[in-house]
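The structure under discussion appears below in the form of structure tokens.
Please treat every number below as a calculation from the coordinates, not as lab data. In this text, all values refer to a predicted model and were calculated from it rather than measured experimentally. Cβ: placed from backbone, ideal geometry, glycine included. Neighbour counts: every protein chain shown.
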């Protein structure tokens, strides 16, 4: 591993560290069934994967819209996510565990995501990667967008040379809005992301950035 210019790495979750879309589909479809909503089209991998990285409000508006009461649906969805995701989990992308272990040996690791409040804790417990991370923040935890949460972590830990790693265009703009360079996980869900300082074909490419 080459000596890196970064003292810290801040990761997105979905599409960057793992793919849990198939599990999320089960959570959404269980919620639709629980509430007896036959007019809502079943949530499939292709429909949900293109929405990864967006806030829950946007995903709900796209998949459900005015076919269900938002508060009732989201409340049930979050209950189902809390109950189901610790069991269903997701699949880490190739090289994630090994790369994070090597990075954590010399740098601090963080996560910032637009997921719900349970999303990052579930990820860390399911994968067993919790000990590698210094801190995490999510939209579901405090209602703040990624750029604000990135700035919070940078300030809280006095990070001098952080890098944000994500897979969609919004991740790039949020990182730059926070004053942080961006590495695009091109193997994830986002397409045609421009403006990234680095392009990762595999997460293992992080080991050679300098």
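Brief remarks follow.
- Using alpha-carbon coordinates, inclination of helix 21-34 to the longest axis of the chain, degrees: 20
- Label-to-label distance, nm, for residues given as residue 70 and residue 132 (7 Å Cα→Cβ offset): 3.6
- Cα gyration tensor, the stretch 21-88 - rounded (a/c under 1.5), prolate or oblate: rounded
- Most mobile listed residue (135, 69, 147) in the chain, GNM with C-alpha springs under 10 Å: 69
- Its relative contact order, with pairs defined as Cα atoms under 8 Å and 6+ residues apart, puts the chain at 30 percent.
- Rounded to the nearest 5, the antiparallel percentage of DSSP beta bridges internal to the chain is 10%.
- Packing-based order for 200-208, 108-116, using average beta carbon neighbours within 10 Å, highest first: 108-116, 200-208
- Taking the stretch 89-210 and dividing mean pair separation by its residue count, relative contact order in percent (alpha carbons under 8 Å, at least six apart): 22
- Entry note, the stretch 21-88: relative contact order of 48 percent, from Cα contacts under 8 Å with a spacing of 6+ residues.
- The stretch 122-210 shape via C-alpha gyration tensor axes, a/c threshold 1.5: rounded
- Helical runs (DSSP H, four residues minimum) scored at -39500 (n - 2.57) apiece and divided by the length of the chain put the mean residue ellipticity at 222 nm at -12000 deg cm²/dmol.
- Cα centroid of the stretch 146-206 to Cα centroid of the stretch 1-55, whole Å: 18
- With a Förster radius of 30 Å applied to the C-beta separation of residue 47 and residue 194, the computed FRET efficiency comes to 0.75.
- Fully extending the segment from residue 144 to residue 207 would add 19.7 nm, taking 0.36 nm per residue of separation and subtracting the current Cα-Cα distance.
- Estimated inter-spin distance, residue 87 and residue 62, nm [label 7 Å along Cα→Cβ]: 2.8
- Here the spin labels are modelled as points 7 Å beyond Cα on the Cα-Cβ line, and at residue 79 and residue 35 they lie 1.2 nm apart.
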